1. Show me, for segment 631-637, the HN-Hα J-couplings you get by feeding each phi into the Karplus relation (A = 6.51, B = -1.76, C = 1.60, θ = phi - 60°), rounded to Hz, glycine and proline as x.
2. Can you tell me the order of 153-162, 550-559 when each peptide is scored by its average per-residue count of other Cβ atoms within 10 angstrom, highest first?
3. Obtain the radius of gyration and the Kirkwood radius of segment 232-321 from its C-alpha atoms and give Rg over Rh.
4. Could you tell me which of Leu464, Gly346, Pro540 has its Cα farthest along the dipole of the chain towards the positive end, charges placed at Cβ (Lys, Arg +1; Asp, Glu -1), taken about the Cα centre?
5. Identify unpaired cysteines across the chain, taking unpaired to mean no other cysteine Cβ lies under 4.7 Å from the residue's Cβ.
6. Just to be sure I follow: if Rg is taken over the C-alpha atoms of segment 269-370 and Rh is the Kirkwood radius over the same atoms, what is Rg/Rh?
7. Based on a Kirkwood Rh over C-alpha pairs, give the Stokes-Einstein translational diffusion coefficient of segment 162-299 at 37 °C and viscosity 0.692 mPa s in µm²/s.
8. Can you pull the semi-axes for segment 459-524, root of five times each eigenvalue of the Cα gyration tensor, sorted largest first, whole Å?
Amino acid sequence: QIGPILDQFGIVVRVPSTLRADSKQRLRLRLHVGLGEGWEEDRESSLGLQGVTDFHWRVALGDHDLTPEEFGEVAALQEPLVQWRGTWLAVDPQELSRMESLFDGADTTGQINRSSALSAALTGVLASSAGTWVDVVPEGEIDELVQALRGADELDLLPTPKKFVGELRPYQQRGLTWLDSMSRLGFGVCLADDMGLGKTIQVIAALLAARQAKEWKKGSPALLICPTSVLGNWERELKRFAPSLKVARHHGRNRPQSDDELEAICKKADIVLTTYVLARIDVDMLAARRWGWCVIDEAQNIKNPAAQQAAAVRRIPARRRIALTGTPVENRLTELWSILQFANPGLLGTAREFRRRFALPIERFGDRKAAEQLRRLVGPFILRRVKTDPTVIQDLPEKLEYKTYCTLTTEQAGLYQATVDDVMSKISSSSGVKRRGNILALLTALKQVCNHPSHFLKEEEGKLTGRSGKLTRLTEMLDEVVSEGEHCLIFTQYTEMGSRLVTHLQETFDIDVPFIHGGVPALKRDEIVQTFQEDPDAPPVLLLSLKAGGTGLNLTRATHVFHYDRWWNPAVEDQATDRAYRVGQTRNVQVHKMLCLGTVEEKIDEILESKRHLADAVVGTGEAWITELDDSELRDLFSLSSSATLDDEAEARS
């Protein structure tokens with residue numbers, strides 16, 4: 001303990017590695033978990049996270065557990081530095097005192113929740129009552145589970161179920177095998193493949209495999225929960241790939257209103273489809289029965305662990321659980337906790353424990369040790385493959401991404417500068433929640449100005465052409481797309497801007513432009529998608545709001561994707577792009593991200609590009625970080641650069 005003090009005074013202290021505090025060659029406690037009596041005869045009860053298992057404490061030196069007699073020999077020396085059997089080792093007096101009190105007549109064996117035991121075995125450490133970390137050694141049932149989990153994605157490939165109509169790609173076959181093996185081990189999982197790699201058909205194949213293996217009990221169907229926008233897509237995909245499965249909807253006004261009515265449906269159906277909204281509204285009815293499986297699609301819908309929707313979904317009991325999402329972490333690590341709390345309740349501890357042990361150290365301090373422990377803990381329960389990995393898929397065409405820079409019109413520039421001057425004065429004179437609100441309000445206003453003056457001014461009618469540099473550039477690019485007979489998707493995060501785009505594009509190109517947004521009923525969305533995909537006379541342009549159309553839809557007819565305004569979350573934008581760039585796409589996809597030069601749009605994009613590797617590794621990027629900037633940084637971010645507007649006379653002279 002004197003070493004660090006001497007080090008502060010510039011005195012070099014050299015200590016043999018065996019005597020360092022972090023050396024394994026020191027006297028330390030070690031916890032053995034999992035050696036329960038009779039577990040070999042009753043392996044079925046040892047699966048999953050339910051129940052308890054045995055533990056016992058040992059004192060270790062290196063990789064060797066000391067017998068009580070050997071520990072007594074070392075303890076009797078009562079020295080901080082001892083030579084024992086030819087080896088020098090450091091003995092922390094306080095640690096030795098805890099060990100002696102533990103072994104002095106105390107019971108060194110007991111029982112621990114299987115979820116805590118497995119978590120400790122996967123990370124290799126467990127927090128002791130003294131607040132220190134102790135090494136963990138898995139034995140018996142827990143050791144077998146750890147080995148099985150770590151090898152679950154290396155098993156021989158499971159044959160495609162006999163009643164599956166279609167062909168699985170090799171990586172999808174591997175996904176099916178993993179889903180099946182994890183199910184047999186009794187664990188829930190998160191299939192987090194990149195958007196477009198076919199999570200839907202992997203789950204359908206897994207459900208068929210379970211049915212084929214007679215794992216389903218009559219009257220205990222699978223409950224599949226998804227956003228309203230993809231309910232019809234799931235129904236069509238089930239009919240296409242698994243026509244032998246009987247599918248029922250728990251949706252609409254005619255859905256079951258009582259336990260008896262739901263029971264009648266469950267007796268006939270293999271799969272019951274419902275939505276997140278109805279899972280929350282009808283949670284008492286849905287949670288009153290035990291489902292064979294519970295599958296949640298677009299699992300980011302339960303990323304807020306405190307939300308009623310997330311709590312409702314977690315309440316629904318099921319024998320097996322699968323979460324599907326292309327973005328298990330969008331903004332915060334607690335989103336990962338919420339998803340895995342659904343899949344395997346208790347695996348990551350309570351939300352508070354998870355924040356203290358993982359979220360805060362990793363997000364705030366970049367703690368690599370905590371990040372590695374979390375990776376070891378969640379790794380067996382998450383399967384993620386990306387389209388850019390050539391070992392996953394070789395025949396997907398290229399995705400070409402472009403930044404499309406636009407200039408503001410004089411009207412836009414005037415509105416932009418006036419808005420900055422007005423709101424920055426309010427920001428400077430406010431604090432706390434009010435200040436953050438003013439900043440977000442300014443960000444929204446400037447985005448609207450960049451989109452179109454009429455969007456910012458809330459004009460219901462009026463001229464659209466010639467007033468927005470961004471709209472002018474979009475029109476020019478669409479003219480080329482339409483003239484070449486190609487199809488495209490246009491995403492905007494604002495429904496009101498989408499309505500203006502519909503009006504402008506219909507007048508400019510004399511075509512009908514369908515618009516998928518939150519107010520479009522599910523059946524109408526399905527009709528729009530099917531027409532766009534299959535009708536040879538369908539309009540070449542499909543407009544979508546980012547929230548309603550950014551996930552779950554298959555729109556591979558499109559070869560161009562336009563992001564008219566930016567969400568500032570790379571993961572969300574990638575999800576939207578993957579409506580077109582996914583399995584089934586046979587042509588290159590061009591992605592156009594539209595930005596106004598010299599504005600907050602360009603500046604935030606530059607910041608995100610420089611930090612994207614961090615967003616990909618740990619957390620996504622939203623807009624909340626902007627509210628933490630000081631006044632000077634905000635002025636730099638929101639100020640209008642000289643490149644923002646185009647001087648027509650100067651251009652003519654050049």
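1. Rounded to whole hertz, the list is 4, 5, 5, 5, 4, 4, 5.
2. With the highest mean Cβ count within 10 Å placed first, the list reads 550-559, 153-162.
3. 0.95
4. So the residue we want is Gly346.
5. Cys190, Cys226, Cys266, Cys294, Cys406, Cys488
6. 1.01
7. Calculated translational D: 213 µm²/s.
8. 20, 17, 10
Readers should treat all values here as calculations from the given coordinates under stated rules, not as data from a laboratory. All figures in this text were calculated on a predicted structure; none of them were measured in a lab. Here the Cβ is made from the backbone with ideal geometry for all residues, glycine too, and neighbour counts use every protein chain on show.
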